[in-house]
Amino acid sequence: MIVLLSGKGKYEVSDSVKDEVLLAGESLFRALEEGKDEEFREKLAQLHSLILEKGVHAEMIRHADLAVPPVDSDPGLLRRVLGIDQAKKGTY
């Protein structure tokens, strides 16, 4: 699996790490949905560390399977970009 780590480049992670990355992504999304901004920031930093530690730098021309936002991302902005705020209000 190739992961685009925004601001740091692309990394290839093994199949064993892939599952960790996907679970972390689901957890990040839940934290956004529930408005748990501090938890989101902590988990995003942990995900960045995991990928940097266990991933191998990949060539930029490789297709990314997953994009991870920058570690300093604003959770409120991500909720708006992903449409989470509108979904809660029932508008699109």
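Just so it is clear, none of the values below were taken in a lab; they were calculated from the coordinates. Worth saying up front: this structure is predicted, and the values here are computed from it rather than measured. A quick note on method: Cβ atoms are made from the backbone with ideal geometry, for glycine too, and the neighbour counts reach across all protein chains shown.
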Legend entry - Extension reserve of the Glu38-Ser6 stretch, reckoned as 0.36 nm per residue once the Cα distance is removed: 9.6 nm
Inset, instruction - Could you give me the percent of Cα pairs per 5 Å distance bin for the chain, shortest bin first, beginning at zero and ending with the bin that holds the maximum distance? - result: 3, 14, 25, 22, 16, 12, 6, 2, 0
Inset, instruction - Run through the DSSP bridge list for the chain and note the antiparallel percent, rounded to the nearest 5. - result: 65
Inset, instruction - Run the dipole for the range 2-89 about the Cα centre, Lys and Arg Cβ at +1, Asp and Glu Cβ at -1, nothing else charged, and hand back the magnitude in debye, nearest 20. - result: 280
